[in-house]
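Okay, so here's the structure we're looking at.
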Amino acid sequence: MLLTKLHIPQTGEKIIHRINLFEKLDEGLKRKLILVSATAGYGKTTLISDWINKNKIQTTWFSIDERDNDPNEFLSFIIHGIQKAHPAIGKNSLELLKSPGTVSLDYILELFINDLLQIEHHLLLVLDDFHLIQNKQIINLVSFLIDYKPDHFHIILSTRSDPPLPFARLRSQNELIEIRSSDLNFSRNDIHELFNKKLRLDLNDKDIDLLESKTEGWIAGLQLTALTFQGQNDISAYIEQIAGDNRYIMDYLMEEVLNIQSEEMRDFLLCTSILEKISGSLCDSMLGKDNSQLLLESLEKGNMFIIPLDNERKWFRYHHLFADLLKQRLLIRYKHKIPELHAKASKWFENNGFSLFAIEHALSACNKRKALNLISQIIDRLWETSQHATILKFGSLFSDEELFANTNFCIIYTWALTVFGNLPKAEGYLVKLLEHTKDENLLGKIYETFNLLKVFSGDVDDAFKYSELATKYISDEDLIWSAWAHISHGESHLLRFELDECLQSLNKAQNNASKANNIYLKAVSESKTAYVLRLQGKYKESYRKSKDLLEIFNADTSIDGFKIGILSSILYSIVGCFLVEKNEIKDGLETSFKGYDLSKKATSMSFKGYSALILAETLYKSGDYDKALEIVKELDVFLNKNAAQWLNVLANSLRIKLYALKGNRDKLDNIIKNQFESGNKHHFEYYFYNVAKSRYLIVHKKYDEALSCLQEQVKGLENCHAYEILCEVELLKAKAYYNKKKQNEAIESITNALLITQNEDFIRTYINEGEEIEIILKEIKKLKATKTSKRLDLISNNYINNLLSIFDKEKKIRNITSEEFLSARELDTLKLIAENLSNQEIANQLYISITTVKTHVRNILLKLGAKNRNEAAVKAKEKGFL
């Protein structure tokens, strides 16, 4: 990171203080945005820096160039700038920006904005040369920052052209101060002060009027004119000769400025014009000199359009307009020298650790071989930090032949193409890479990238094949690639329902992620492990792992926001679902909704989709089928049917379950028809869809078909230890047997389920299946009281009694008479009564009048037959309302 970009430009001694514009800028501190927009040479930067010096306002200054179009790097520069004065601000956001791309910039920005609230005094952010930003994501980022920044945080955009920001809305809300070319033009008084008071040239009124007329107050033109006065005997006559528009004046005056320089200085200016950032050491190396620093300081003292970038005067840059002219003249005079100059600049930047500058100058020197070598040295770091935009930029500069000559770069470029959705081009590269690559570790990376592409395109079989090859060929010493390979392999095993093998792969990924100290990979692998443990019916272990992860994440304050904000979304969802399953419905729903809300800030479809799916299942378990269906329908909006196939399998399975329980046969028939037209399903689909199909058959009273389908699943589920689904299979078998009047078989199936679940706190799985399960449980309880057998004796009496008491409680709620029935608003009021809230507090919470609260309380007491609020709360608990 070139920290000179964060230096506030200094003003010269002969500056004209723009008091009227200072007042406008002062007013801007009361608005959301200050926009300073004008073409080159109007003194935008000078005005802002002079105003900052006058106000002594604490400022972060970001001098933007074309390389700053990477959103992560852009935000990193801003945070680093603020940390110069406030080291604690943005620490969490910076950690997130270093992590591969699951985290949305909106969320990172929210963390950053929350940190800004800690600053008690005014803080100004200046984004200079904002017209160089072309990246839409950065434009959106800045728009978000403008909208949600705290009042004491102020933003100035300095730009040559208006960016696509919501200026119309800001104007209508009186939240925008604008300073434009017409404001920045020097007035006649300003011109008089510059030439006669600052430069002491003693121009007459006619000369001042001519300068104002010819330059129209254009500051750069006036400054250049002053420089060309040197050696003029008749300044008035010289002023009259100047004619034409601003572009003509600029070219003419620039030539005049160059002409008055010594030969050494002129050559120095031309040859160093290829540099965006200039230092004495760099120029000495390029030009074989030993006095470049003195020349740079001399240029600054002579107001020669050179701008210092740090207080030590080590780094400078030329004024943009001046640099453009110098480059034009360099091309005319020393065209043959240009490649050599770039080559020498590239070498200096390489030797001094500025890799990106070294690469760009190597490319400008037409030395693609060197550029490729330099890229190969940093490409892995660019990939690990998810700088895909930079990778794509470099990759696009080379021919296919050049890319294939550097296999590792080509692989990572292909990864970036895949992430950005250019799958056909990525696959073409991968096919050719496979044909020509022999190195095993590189082959492993190709296979892992192929796996990524196949996951995106939805080809499950090929994804598994390539994940196996990746783990075979990638060395465990390559911790990051190996971790990704094991995660991919674990997911492939999951789709084959090889759960033990899946856990083994995920465990290897966790170990490598820990060794690499990569929090993102560790959390991804461990959250996937928690899901697989749940499939195995190990609810308590899954819950403990998720809870432990949350505690670890919350404990590490240096990256606290990272862990809570995004990676913990799935963990909260898993914990919430488990709590609801054990009938802690209120806490479970709150926790699961927390995970769902957090996941919305992720860019990864896996995070969004999985958290939404778990919330839908949590709502189903709680008994809220309608809300669960709403969430399932949300999945259709952002899940690609191919790219997230396993999520679609789970979503459709849950959808079928919900339609069945709601008795919605039409929608059930439609989804079953669409899902079972194709018989070629992998194991993951096979089990989930066949269980769903069996539920459909039971709804249609096709009990024998359902039993046949269910029995086919049992052996396979036992072999892969998928006890969560096996429990559901046994419960469905019990319902089918019950409706066929086969009580003994129904009891046998429920017994099988109880033995699977009694040590894992399964509750809602039974409750939601309805009264058939309750009746069979009562029969088992009678049997245990009168008979003994090895299997019956293994069943916990406490477990059965707990299930039956919850069934009874739920039945009471459903069987409340119409006279006792509480409306939704009365139930909300009752819950707050139980929390000992006053009528006024209840009114505030529910946003209703206190009169309405009193009406609800009166109705509640009447319906529950209670004398007072305390008795109403007690009776409500007895009846199962609370």
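The values are calculated or read from the model by the stated rules, or taken from the named source; none is laboratory data. As the structure is a computational prediction, the values presented were derived from the model and not from experiment. Cβ sites come from the backbone with ideal geometry, for glycine too, and all protein chains shown count toward neighbours. The protein model used for the area step is the full one, side chains on, heavy atoms only, and it has no ligands, DNA or RNA in it. Shrake-Rupley method; radii C 1.70, N 1.55, O 1.52, S 1.80 Å.
Worth a mention:
- Here GLU728, GLU685 are screened, and the one residue that is assigned by TED's automatic domain parsing to the domain that holds LYS782 and either assigned to a loop (DSSP other than H, G, I, E, B) or open to solvent by less than 60 Å² (accessible area, probe 1.4 Å) (or both) is GLU728.
- Applying the criterion of being in contact with an Asp or Glu (Cβ under 8 Å, 6 or more places away or on another chain) and closer than 22 Å to ASN135 by Cα to the residues of the range 358-412, the residue that is least open to solvent (accessible area, probe 1.4 Å) is ILE412.
- Hey, SER678 at pLDDT 75 or above and either open to solvent by less than 20 Å² (accessible area, probe 1.4 Å) or polar (S, T, N, Q) (or both) or not: no
- Positions within the range 115-141 being open to solvent by 20 Å² or more (accessible area, probe 1.4 Å) and outside any helix (DSSP H, G or I), in sequence order: LEU117, GLN118, GLU120, HIS121, HIS122, GLN134, ASN135
- Residues in the range 413-424 that are of a type outside the set (Phe, Trp, Tyr) and under 23 Å from ASP70 (Cα atoms) were compared, and the one that is surrounded by the fewest Cβ atoms within 10 Å (Cβ to Cβ) is GLY421.
- Of everything in the range 33-58 that is in contact with a strand residue (DSSP E or B) (Cβ under 9 Å, 6 or more places away or on another chain) and open to solvent by 30 Å² or more (accessible area, probe 1.4 Å), the residue that is modelled with the lowest pLDDT is ASN55.
- Inter-residue pairs, beta-carbon under 9 Å, first more than 18 Å from ILE108 (Cα to Cα) and outside the structural domain of TYR620 (by TED's automatic domain parsing) and in the range 584-609, second modelled with pLDDT of 80 or more and of a type outside the set (Asp, Glu), 6+ apart: none
- Here the helices (runs of 4 or more DSSP H) wholly within the range 827-882 that include at least 1 residues being over 46 Å from the mean Cα position of the chain (by Cα) are 850-864, 869-879.
- Candidates LEU194, LEU199, filtered to the one that is more than 26 Å from ARG160 (Cβ to Cβ) and either surrounded by fewer than 18 Cβ atoms within 10 Å (Cβ to Cβ) or not assigned by TED's automatic domain parsing to the domain that holds PRO166 (or both): LEU199
- Applying the criterion of being among the acidic types (Asp, Glu) and touching a residue at least 12 places away in the same chain (Cβ under 8 Å) to the residues of the range 722-770, the residue that is farthest from VAL580 (Cα to Cα) is GLU745.
- Between PHE112, PHE167, PHE144, the distinction of being open to solvent by less than 30 Å² (accessible area, probe 1.4 Å), closer than 19 Å to ARG31 by Cβ and among the aromatic types (Phe, Trp, Tyr) belongs to PHE167 only.
- Only one entry in LEU299, LEU269, LEU295, LEU258 is closer than 26 Å to GLU340 by Cα, at pLDDT below 90, in contact with a Lys or Arg (Cβ under 9 Å, 6 or more places away or on another chain) and part of a helix (DSSP H, G or I), namely LEU258.
- Considering only residues in the range 441-498 that are modelled with pLDDT under 90, small (Gly, Ala, Ser) and under 24 Å from the mean Cα position of the chain (by Cα), the one that is nearest to ALA523 (Cα to Cα) turns out to be SER488.
- Criterion (buried (at least 18 other Cβ atoms within 10 Å of the Cβ), under 18 Å from LYS425 (Cα atoms) and of a type outside the set (Lys, Arg)) met by exactly one of ILE474, ILE446: ILE446
- All of LYS98, LYS14, LYS91 fail the test of being in the same structural domain as ARG169 (by TED's automatic domain parsing) and at pLDDT 85 or above, apart from LYS91.
- Qualifying residue in the range 425-436 (condition: more than 29 Å from the chain's Cα centre (by Cα), open to solvent by 20 Å² or more (accessible area, probe 1.4 Å) and under 26 Å from LEU521 (Cβ atoms)): yes
- Matching residues, the range 700-720, being open to solvent by less than 80 Å² (accessible area, probe 1.4 Å) and under 25 Å from SER789 (Cα atoms): VAL714, GLU718
- Long-range neighbours under 7 Å by Cβ, at least six apart or interchain, first residue of a type in the set (D, E, K, R) and at pLDDT below 90 within the range 160-179, second assigned to a strand (DSSP E or B) and open to solvent by less than 50 Å² (accessible area, probe 1.4 Å): ASP162/SER37
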